[in-house]
Amino acid sequence: MKNRVVVTGLGVCAPNGVGLEAFEQTLQSNTSGITFHSELENLNFSCQVAGKPNIEDINLNKYFTNVQLKGLNASGLFYGVMAGLDAWKDANLKSDGANAPDWDTGIVFGTGILGVDKFREAIYKVDEGQVRRLGSTAVIQTMASGISAYLGGLIGAGNQVTTNSSACTTGTEAILMGFERIQSRKATRMLVGSCSDSGPYVWGGFDAMRILPRKFNENPSAASRPMSATASGFVPGSGAGALVLESLESALERGATIYAEILGGHLNSGGQRLGGSMTAPNNTAVKRCIQEALQNAGIDTHAVQAINGHLTATAKDPVEIKNWSEALQRTGKDFPKINSFKSHFGHCLAAAGSIECVGTVLQLKNQKLYGSLNCLDVHPEILKTIDETCIPMQSMDFESKIIAKASFGFGDVNACIIFSRYSA
(Lines give C-alpha, C1' and ligand atoms only; values in the text may rest on other atoms or scores of the structure.)
Protein backbone atom coordinates (compact mmCIF):
# COMPACT_ATOMS: atom_id res chain seq x y z
CA MET A 1 0.00 0.00 0.00
CA LYS A 2 1.44 3.40 -1.01
CA ASN A 3 1.95 6.23 1.44
CA ARG A 4 0.10 9.49 1.04
CA VAL A 5 2.64 12.31 0.91
CA VAL A 6 2.14 15.79 2.36
CA VAL A 7 4.12 19.02 2.61
CA THR A 8 4.89 19.96 6.23
CA GLY A 9 7.65 22.57 5.85
CA LEU A 10 8.61 25.38 3.49
CA GLY A 11 11.74 27.48 3.10
CA VAL A 12 12.76 30.01 0.46
CA CYS A 13 15.63 32.31 -0.39
CA ALA A 14 14.38 34.22 -3.43
CA PRO A 15 15.11 37.51 -5.21
CA ASN A 16 11.76 38.90 -4.06
CA GLY A 17 12.04 37.75 -0.47
CA VAL A 18 14.25 35.78 1.89
CA GLY A 19 12.07 33.75 4.21
CA LEU A 20 8.43 32.70 3.83
CA GLU A 21 6.88 35.87 5.20
CA ALA A 22 8.78 38.26 2.93
CA PHE A 23 8.34 36.00 -0.09
CA GLU A 24 4.60 35.67 0.47
CA GLN A 25 4.15 39.42 0.97
CA THR A 26 5.83 40.35 -2.30
CA LEU A 27 3.83 37.77 -4.26
CA GLN A 28 0.64 39.07 -2.72
CA SER A 29 1.49 42.73 -3.39
CA ASN A 30 2.84 42.12 -6.91
CA THR A 31 6.25 43.47 -5.97
CA SER A 32 9.20 42.69 -8.24
CA GLY A 33 12.51 41.39 -6.93
CA ILE A 34 14.40 42.17 -10.13
CA THR A 35 17.07 44.86 -9.86
CA PHE A 36 19.81 46.56 -11.87
CA HIS A 37 23.35 45.19 -11.35
CA SER A 38 26.23 47.58 -12.02
CA GLU A 39 28.57 44.60 -12.13
CA LEU A 40 26.82 43.39 -15.28
CA GLU A 41 27.06 46.85 -16.80
CA ASN A 42 30.80 46.97 -16.07
CA LEU A 43 31.22 43.59 -17.76
CA ASN A 44 29.40 44.78 -20.90
CA PHE A 45 26.36 42.53 -20.50
CA SER A 46 23.49 43.46 -22.78
CA CYS A 47 21.03 42.49 -20.03
CA GLN A 48 22.07 44.26 -16.84
CA VAL A 49 19.10 43.27 -14.67
CA ALA A 50 18.71 40.08 -12.65
CA GLY A 51 17.03 38.47 -9.68
CA LYS A 52 19.39 37.93 -6.75
CA PRO A 53 18.41 37.24 -3.11
CA ASN A 54 19.45 40.01 -0.74
CA ILE A 55 21.18 38.27 2.16
CA GLU A 56 23.38 41.18 3.21
CA ASP A 57 21.30 41.91 6.31
CA ILE A 58 20.78 38.26 7.25
CA ASN A 59 22.56 36.93 10.33
CA LEU A 60 24.37 34.03 8.67
CA ASN A 61 25.34 32.60 12.07
CA LYS A 62 21.74 31.31 12.24
CA TYR A 63 22.82 28.84 9.56
CA PHE A 64 26.62 28.58 9.70
CA THR A 65 29.31 28.67 12.35
CA ASN A 66 32.18 31.14 12.02
CA VAL A 67 34.43 28.23 11.09
CA GLN A 68 32.06 27.18 8.30
CA LEU A 69 31.83 30.75 7.01
CA LYS A 70 35.61 31.05 6.68
CA GLY A 71 36.44 30.94 2.97
CA LEU A 72 32.83 30.17 2.01
CA ASN A 73 32.31 31.65 -1.46
CA ALA A 74 29.49 29.66 -3.05
CA SER A 75 26.29 31.70 -3.27
CA GLY A 76 24.13 28.69 -4.16
CA LEU A 77 25.34 26.92 -1.03
CA PHE A 78 24.34 29.91 1.09
CA TYR A 79 20.88 30.03 -0.50
CA GLY A 80 20.31 26.28 -0.32
CA VAL A 81 21.34 25.90 3.32
CA MET A 82 19.18 28.87 4.32
CA ALA A 83 16.10 27.59 2.50
CA GLY A 84 16.66 24.00 3.59
CA LEU A 85 17.15 24.73 7.28
CA ASP A 86 14.23 27.17 7.28
CA ALA A 87 11.99 24.45 5.81
CA TRP A 88 13.23 21.96 8.39
CA LYS A 89 12.50 24.43 11.20
CA ASP A 90 9.14 25.35 9.68
CA ALA A 91 8.19 21.67 9.83
CA ASN A 92 9.00 21.79 13.57
CA LEU A 93 11.75 19.23 13.14
CA LYS A 94 15.05 19.29 15.00
CA SER A 95 18.36 17.50 14.80
CA ASP A 96 20.72 16.55 17.59
CA GLY A 97 24.28 16.09 16.46
CA ALA A 98 24.99 13.79 19.40
CA ASN A 99 22.46 11.19 18.29
CA ALA A 100 22.65 8.53 15.58
CA PRO A 101 21.60 9.42 12.02
CA ASP A 102 17.90 9.71 11.32
CA TRP A 103 17.52 6.63 9.12
CA ASP A 104 14.00 7.66 8.06
CA THR A 105 14.98 11.10 6.71
CA GLY A 106 16.64 11.74 3.36
CA ILE A 107 17.52 14.62 1.05
CA VAL A 108 17.21 15.31 -2.66
CA PHE A 109 18.55 18.81 -3.22
CA GLY A 110 19.47 19.76 -6.76
CA THR A 111 21.64 22.36 -8.43
CA GLY A 112 22.92 23.36 -11.83
CA ILE A 113 26.32 24.87 -11.15
CA LEU A 114 27.51 25.10 -7.55
CA GLY A 115 30.32 27.31 -6.30
CA VAL A 116 31.21 28.97 -9.59
CA ASP A 117 32.83 31.92 -7.76
CA LYS A 118 34.84 29.47 -5.66
CA PHE A 119 35.89 27.76 -8.90
CA ARG A 120 37.12 31.09 -10.25
CA GLU A 121 39.03 31.77 -7.04
CA ALA A 122 40.56 28.29 -7.14
CA ILE A 123 41.52 28.48 -10.82
CA TYR A 124 43.52 31.67 -10.23
CA LYS A 125 45.33 30.14 -7.26
CA VAL A 126 46.16 26.96 -9.17
CA ASP A 127 47.41 28.94 -12.17
CA GLU A 128 49.59 31.02 -9.84
CA GLY A 129 51.08 27.88 -8.29
CA GLN A 130 49.30 28.42 -4.96
CA VAL A 131 47.56 25.04 -4.71
CA ARG A 132 48.28 24.81 -0.98
CA ARG A 133 46.26 27.97 -0.40
CA LEU A 134 43.03 26.58 -1.85
CA GLY A 135 41.71 25.72 1.59
CA SER A 136 40.08 22.56 2.87
CA THR A 137 36.55 23.34 1.68
CA ALA A 138 37.16 24.08 -2.02
CA VAL A 139 35.96 20.62 -3.07
CA ILE A 140 32.85 20.70 -0.88
CA GLN A 141 31.87 24.12 -2.24
CA THR A 142 32.29 23.15 -5.88
CA MET A 143 31.04 19.57 -6.09
CA ALA A 144 27.45 19.37 -7.26
CA SER A 145 26.42 17.26 -4.27
CA GLY A 146 27.96 19.76 -1.86
CA ILE A 147 24.57 21.26 -1.08
CA SER A 148 22.85 17.96 -0.23
CA ALA A 149 25.91 16.75 1.69
CA TYR A 150 26.03 19.98 3.67
CA LEU A 151 22.33 19.81 4.57
CA GLY A 152 22.61 16.10 5.30
CA GLY A 153 25.22 16.75 7.96
CA LEU A 154 23.30 19.63 9.48
CA ILE A 155 20.09 17.63 10.01
CA GLY A 156 21.68 14.18 10.44
CA ALA A 157 19.89 12.57 7.49
CA GLY A 158 20.54 8.82 7.35
CA ASN A 159 18.34 7.87 4.38
CA GLN A 160 19.23 8.64 0.76
CA VAL A 161 21.15 11.93 0.46
CA THR A 162 21.68 12.96 -3.14
CA THR A 163 21.73 15.75 -5.69
CA ASN A 164 19.96 15.93 -9.05
CA SER A 165 20.65 18.24 -11.98
CA SER A 166 18.23 18.65 -14.88
CA ALA A 167 18.58 22.28 -15.97
CA CYS A 168 15.41 24.32 -15.30
CA THR A 169 13.49 21.16 -14.32
CA THR A 170 15.86 20.41 -11.41
CA GLY A 171 13.75 21.67 -8.50
CA THR A 172 10.47 20.14 -9.63
CA GLU A 173 12.25 16.87 -10.39
CA ALA A 174 13.82 16.81 -6.89
CA ILE A 175 10.39 17.16 -5.31
CA LEU A 176 9.02 14.28 -7.37
CA MET A 177 12.03 12.12 -6.51
CA GLY A 178 11.43 12.72 -2.80
CA PHE A 179 7.70 12.15 -3.22
CA GLU A 180 8.27 8.77 -4.88
CA ARG A 181 10.66 7.66 -2.16
CA ILE A 182 8.14 8.36 0.60
CA GLN A 183 5.21 7.02 -1.41
CA SER A 184 7.05 3.71 -1.88
CA ARG A 185 7.80 3.55 1.88
CA LYS A 186 11.57 3.84 1.45
CA ALA A 187 11.64 6.99 3.61
CA THR A 188 9.37 8.78 6.08
CA ARG A 189 10.59 12.32 5.45
CA MET A 190 12.52 13.95 2.64
CA LEU A 191 14.00 17.45 2.53
CA VAL A 192 13.75 18.39 -1.15
CA GLY A 193 14.52 21.44 -3.24
CA SER A 194 17.18 23.10 -5.34
CA CYS A 195 19.51 26.06 -5.52
CA SER A 196 21.30 28.15 -8.13
CA ASP A 197 24.36 30.39 -7.88
CA SER A 198 24.22 34.10 -8.64
CA GLY A 199 26.48 36.17 -10.83
CA PRO A 200 27.96 36.87 -14.24
CA TYR A 201 29.70 33.49 -14.57
CA VAL A 202 26.32 31.75 -14.38
CA TRP A 203 24.33 34.28 -16.40
CA GLY A 204 26.93 35.15 -19.05
CA GLY A 205 26.20 32.20 -21.33
CA PHE A 206 22.55 33.18 -21.59
CA ASP A 207 23.47 36.77 -22.39
CA ALA A 208 25.70 35.44 -25.17
CA MET A 209 22.75 33.41 -26.52
CA ARG A 210 20.83 36.70 -26.85
CA ILE A 211 17.80 35.30 -25.03
CA LEU A 212 17.77 37.89 -22.23
CA PRO A 213 15.90 41.23 -22.38
CA ARG A 214 18.07 44.22 -23.31
CA LYS A 215 15.70 47.17 -23.20
CA PHE A 216 14.85 47.26 -19.49
CA ASN A 217 18.17 48.13 -17.85
CA GLU A 218 16.67 51.40 -16.62
CA ASN A 219 13.34 49.79 -15.67
CA PRO A 220 14.18 46.44 -14.03
CA SER A 221 10.75 45.71 -12.55
CA ALA A 222 9.22 45.72 -16.06
CA ALA A 223 11.81 43.36 -17.55
CA SER A 224 10.22 39.97 -16.86
CA ARG A 225 7.04 39.75 -18.93
CA PRO A 226 5.66 36.18 -19.17
CA MET A 227 2.72 35.75 -21.56
CA SER A 228 3.11 39.37 -22.74
CA ALA A 229 3.21 40.54 -26.35
CA THR A 230 6.20 42.71 -25.42
CA ALA A 231 8.17 39.92 -23.74
CA SER A 232 11.74 39.92 -25.04
CA GLY A 233 13.49 37.16 -23.12
CA PHE A 234 13.87 35.79 -19.61
CA VAL A 235 15.51 37.68 -16.76
CA PRO A 236 18.21 35.53 -15.10
CA GLY A 237 17.74 34.80 -11.42
CA SER A 238 19.07 32.74 -8.54
CA GLY A 239 18.20 31.49 -5.07
CA ALA A 240 16.74 28.36 -3.49
CA GLY A 241 13.47 26.77 -2.48
CA ALA A 242 12.94 23.86 -0.09
CA LEU A 243 10.05 21.66 1.04
CA VAL A 244 9.80 19.03 3.74
CA LEU A 245 7.79 16.09 2.43
CA GLU A 246 6.44 13.56 4.86
CA SER A 247 4.18 10.55 4.97
CA LEU A 248 0.68 11.52 6.05
CA GLU A 249 0.86 8.96 8.83
CA SER A 250 3.99 10.57 10.28
CA ALA A 251 2.63 14.11 9.91
CA LEU A 252 -0.59 13.25 11.73
CA GLU A 253 1.24 11.32 14.43
CA ARG A 254 3.37 14.32 15.39
CA GLY A 255 0.64 16.94 14.83
CA ALA A 256 2.51 18.70 12.04
CA THR A 257 1.09 21.59 10.01
CA ILE A 258 0.04 20.23 6.62
CA TYR A 259 0.38 22.80 3.85
CA ALA A 260 -0.73 20.58 0.97
CA GLU A 261 -0.73 17.06 -0.39
CA ILE A 262 1.10 15.81 -3.47
CA LEU A 263 -1.29 13.61 -5.42
CA GLY A 264 1.21 12.58 -8.08
CA GLY A 265 3.30 13.72 -10.99
CA HIS A 266 5.42 12.65 -13.91
CA LEU A 267 8.91 13.08 -15.39
CA ASN A 268 9.89 12.51 -19.01
CA SER A 269 12.06 13.64 -21.89
CA GLY A 270 11.23 14.48 -25.47
CA GLY A 271 14.42 12.79 -26.61
CA GLN A 272 15.23 15.91 -28.68
CA ARG A 273 12.97 14.49 -31.39
CA LEU A 274 9.79 15.75 -33.11
CA GLY A 275 10.92 19.36 -32.96
CA GLY A 276 12.59 19.06 -29.58
CA SER A 277 16.25 20.03 -29.22
CA MET A 278 18.79 20.92 -26.57
CA THR A 279 16.97 24.23 -26.05
CA ALA A 280 13.45 23.64 -27.41
CA PRO A 281 10.72 21.31 -26.13
CA ASN A 282 9.22 18.36 -27.92
CA ASN A 283 5.57 19.44 -27.61
CA THR A 284 4.31 15.85 -27.76
CA ALA A 285 6.46 15.00 -24.73
CA VAL A 286 5.26 18.08 -22.82
CA LYS A 287 1.61 17.13 -23.34
CA ARG A 288 2.33 13.52 -22.47
CA CYS A 289 4.06 14.62 -19.24
CA ILE A 290 1.02 16.65 -18.18
CA GLN A 291 -1.43 13.89 -19.05
CA GLU A 292 0.55 11.18 -17.27
CA ALA A 293 0.90 13.40 -14.20
CA LEU A 294 -2.90 13.64 -14.05
CA GLN A 295 -3.21 9.89 -14.51
CA ASN A 296 -0.65 9.23 -11.78
CA ALA A 297 -2.56 11.60 -9.47
CA GLY A 298 -5.84 9.86 -10.25
CA ILE A 299 -7.69 12.96 -11.44
CA ASP A 300 -9.30 14.06 -14.69
CA THR A 301 -8.49 17.16 -16.70
CA HIS A 302 -11.36 19.23 -15.31
CA ALA A 303 -10.14 18.74 -11.73
CA VAL A 304 -7.26 21.17 -12.39
CA GLN A 305 -8.40 24.59 -11.22
CA ALA A 306 -5.14 26.50 -11.63
CA ILE A 307 -1.71 26.15 -13.23
CA ASN A 308 1.60 27.64 -12.24
CA GLY A 309 3.41 27.48 -15.54
CA HIS A 310 7.04 27.38 -16.55
CA LEU A 311 6.37 30.47 -18.72
CA THR A 312 9.72 32.23 -19.02
CA ALA A 313 8.80 35.35 -21.07
CA THR A 314 10.12 34.05 -24.37
CA ALA A 315 8.53 33.20 -27.71
CA LYS A 316 7.76 29.75 -26.27
CA ASP A 317 5.08 31.07 -23.87
CA PRO A 318 2.23 30.79 -26.42
CA VAL A 319 3.47 27.29 -27.28
CA GLU A 320 3.38 26.27 -23.62
CA ILE A 321 -0.18 27.57 -23.23
CA LYS A 322 -1.24 25.64 -26.34
CA ASN A 323 0.38 22.48 -24.95
CA TRP A 324 -1.51 22.87 -21.66
CA SER A 325 -4.74 23.47 -23.57
CA GLU A 326 -4.35 20.39 -25.76
CA ALA A 327 -3.23 18.19 -22.85
CA LEU A 328 -6.24 19.24 -20.76
CA GLN A 329 -8.60 19.57 -23.75
CA ARG A 330 -9.77 22.90 -22.38
CA THR A 331 -9.89 26.26 -24.16
CA GLY A 332 -11.34 29.75 -23.83
CA LYS A 333 -12.96 30.52 -20.48
CA ASP A 334 -13.01 26.81 -19.64
CA PHE A 335 -9.20 26.88 -19.30
CA PRO A 336 -7.85 26.93 -15.71
CA LYS A 337 -6.39 30.09 -14.20
CA ILE A 338 -2.69 30.31 -15.06
CA ASN A 339 0.14 32.46 -13.70
CA SER A 340 3.92 32.74 -13.76
CA PHE A 341 6.02 33.67 -10.75
CA LYS A 342 8.95 34.47 -13.03
CA SER A 343 7.30 37.84 -13.50
CA HIS A 344 8.27 38.57 -9.87
CA PHE A 345 11.83 37.28 -9.70
CA GLY A 346 12.98 36.11 -13.11
CA HIS A 347 14.08 32.66 -14.15
CA CYS A 348 16.04 31.18 -11.26
CA LEU A 349 17.39 28.36 -13.46
CA ALA A 350 18.01 25.20 -11.37
CA ALA A 351 16.23 26.85 -8.42
CA ALA A 352 13.19 27.89 -10.47
CA GLY A 353 11.03 24.81 -9.92
CA SER A 354 11.55 24.60 -6.16
CA ILE A 355 10.98 28.32 -5.52
CA GLU A 356 7.86 28.25 -7.70
CA CYS A 357 6.58 25.11 -5.95
CA VAL A 358 6.87 26.92 -2.62
CA GLY A 359 4.73 29.71 -4.11
CA THR A 360 2.24 27.20 -5.49
CA VAL A 361 1.83 25.54 -2.10
CA LEU A 362 1.33 28.97 -0.49
CA GLN A 363 -1.48 29.63 -2.96
CA LEU A 364 -3.24 26.47 -1.81
CA LYS A 365 -2.66 27.24 1.86
CA ASN A 366 -3.92 30.82 1.58
CA GLN A 367 -6.59 30.11 -1.03
CA LYS A 368 -5.11 32.82 -3.25
CA LEU A 369 -3.79 33.20 -6.76
CA TYR A 370 -0.89 35.61 -7.08
CA GLY A 371 -0.96 37.92 -10.08
CA SER A 372 1.39 37.82 -13.05
CA LEU A 373 3.28 41.10 -13.34
CA ASN A 374 3.77 42.96 -16.64
CA CYS A 375 1.11 41.05 -18.56
CA LEU A 376 -1.21 43.90 -19.43
CA ASP A 377 -0.69 43.15 -23.13
CA VAL A 378 -1.37 39.43 -23.39
CA HIS A 379 0.28 37.82 -26.40
CA PRO A 380 -2.28 37.58 -29.24
CA GLU A 381 -1.30 33.96 -29.95
CA ILE A 382 -2.22 33.09 -26.36
CA LEU A 383 -5.62 34.74 -26.77
CA LYS A 384 -6.31 32.41 -29.69
CA THR A 385 -6.25 29.56 -27.16
CA ILE A 386 -7.52 30.88 -23.82
CA ASP A 387 -9.58 33.78 -22.54
CA GLU A 388 -7.76 36.76 -21.05
CA THR A 389 -9.68 36.32 -17.78
CA CYS A 390 -7.76 33.08 -17.21
CA ILE A 391 -4.61 35.13 -16.45
CA PRO A 392 -4.85 36.91 -13.08
CA MET A 393 -3.09 40.27 -13.34
CA GLN A 394 -3.48 41.02 -9.61
CA SER A 395 -3.54 38.72 -6.61
CA MET A 396 -7.00 37.40 -5.91
CA ASP A 397 -8.91 35.18 -3.51
CA PHE A 398 -9.43 31.80 -5.16
CA GLU A 399 -10.89 28.65 -3.65
CA SER A 400 -8.78 25.93 -5.17
CA LYS A 401 -8.37 22.28 -4.38
CA ILE A 402 -5.91 21.28 -7.11
CA ILE A 403 -3.07 23.23 -8.76
CA ALA A 404 -0.75 21.80 -11.39
CA LYS A 405 2.89 22.93 -11.51
CA ALA A 406 5.25 22.17 -14.38
CA SER A 407 8.86 22.88 -15.33
CA PHE A 408 10.54 22.34 -18.71
CA GLY A 409 14.31 22.41 -19.11
CA PHE A 410 17.21 22.51 -21.53
CA GLY A 411 17.90 19.02 -22.82
CA ASP A 412 14.17 18.58 -23.58
CA VAL A 413 13.26 17.39 -20.07
CA ASN A 414 9.87 17.84 -18.40
CA ALA A 415 8.32 17.60 -14.94
CA CYS A 416 4.76 18.09 -13.73
CA ILE A 417 3.46 17.88 -10.14
CA ILE A 418 -0.16 17.86 -8.97
CA PHE A 419 -0.62 19.62 -5.63
CA SER A 420 -3.87 19.35 -3.68
CA ARG A 421 -5.31 21.05 -0.64
CA TYR A 422 -5.14 18.46 2.12
CA SER A 423 -8.34 16.79 3.24
CA ALA A 424 -8.60 13.80 5.57
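The values are calculated or read from the model by the stated rules, or taken from the named source; none is laboratory data. Just so we're clear, the structure is a prediction, and the values are computed from it rather than from any experiment. Counting neighbours? That spans all protein chains shown, and the Cβs are built from the backbone with ideal geometry, glycine included. Surface areas here come from the heavy atoms of the whole protein model, side chains and all, with no ligands, DNA or RNA. Shrake-Rupley method; radii C 1.70, N 1.55, O 1.52, S 1.80 Å.
Just tell me which aspartates and glutamates come within less than 17 Å, Cα to Cα, of Lys118; anything on the same chain fewer than 8 places away is out. Excluding near neighbours in sequence, the set is Asp127, Glu128, Asp197.
Of all accessible surface on region 309-413 at a 1.4 Å probe, what whole percent is carbon and sulfur? The computed percentage sits at 53.
Of all beta bridges that DSSP places with both ends in the chain, some 70 percent have antiparallel geometry. Our estimate of slack between Ser29 and Ala98, defined as 0.36 nm per intervening residue step minus the Cα-Cα distance, is 20.5 nm.
Taking 15 Å as the cut-off, the amide N atoms of region 53-71 that come nearer than this to a point 7 Å along the Cα-to-beta-carbon line of Glu39 belong to 53-57. The distance between label points at Leu252 and Arg133 comes to 6.1 nm (points 7 Å beyond Cα on the Cα→Cβ vector). Sorting Glu388, Glu320 by accessible area puts them as Glu388, Glu320; the probe is 1.4 Å, largest comes first, and only protein heavy atoms count. Shown for region 225-307: the carbon plus sulfur share of the solvent-accessible area, taken with all protein chains present and a 1.4 angstrom probe, equals 47%. On a C-alpha basis, how far is the centre of region 89-116 from the centre of region 369-411 in Å? Whole number, if you could? A separation of 34 Å, based on Cα centres.
With the charge dipole of the chain set up from +1 on Lys and Arg Cβ and -1 on Asp and Glu Cβ about the Cα centre, the Cα lying farthest toward the positive end among the listed residues Gly371, Tyr259, Met393 is that of Tyr259. Extension gain, Lys70-Lys125: 0.36 nm per intervening residue step, less the Cα-Cα distance, totals 18.1 nm.
The distance separating the Cα centre of region 203-235 from that of region 7-23 comes to 24 Å. Only bridges whose two residues both fall in region 102-254 count here: according to DSSP, what percent of them are antiparallel, nearest 5? Roughly 40 percent of the beta bridges in region 102-254 run antiparallel, per DSSP.
Highest mean first, what order results for 374-387, 15-28, 158-171 on Cβ atoms within 10 Å?
My ranking of the peptides, most packed first, is 158-171, 15-28, 374-387.
As a ratio to 2.2 N^0.38 Å, the alpha-carbon radius of gyration for region 116-268 is 1.34.
Farthest toward the positive end of the dipole of region 165-302, out of Ala208, Ala297, Phe234, is the Cα of Ala208, where the dipole comes from beta carbon charges about the Cα centre.
What 222 nm value per residue comes from the helices of the chain, counting each DSSP H run with n ≥ 4 as -39,500 (n - 2.57) and dividing by all residues, nearest 500 deg cm²/dmol?
-9500 deg cm²/dmol
Magnitude of the charge dipole for the chain, about its Cα centre and with charges confined to Cβ atoms of Lys, Arg (+1) and Asp, Glu (-1), is about 520 debye. With protein chains left intact and a 1.4 Å probe, residues in the chain average 40 Å² of accessible area per residue. Radius of gyration over Kirkwood radius for the chain, both on Cα atoms: the Rg/Rh ratio is 0.96. The overall shape of region 57-193 is prolate: from the C-alpha gyration tensor, with semi-axes ordered a ≥ b ≥ c, the ratio a/c is 1.5 or greater and a/b exceeds b/c.
Using a simple charge model, +1 on the beta-carbon of Lys and Arg, -1 on the beta-carbon of Asp and Glu, nothing else, what dipole does region 1-116 show about its Cα centre, in debye to the nearest 20?
Approximately 280 debye in magnitude.
Pairs of Cα atoms in region 154-221 fall into 5 Å distance bins, from 0 up to the last occupied one, in shares of 3, 13, 17, 17, 14, 9, 9, 8, 7, 3, 0 percent.
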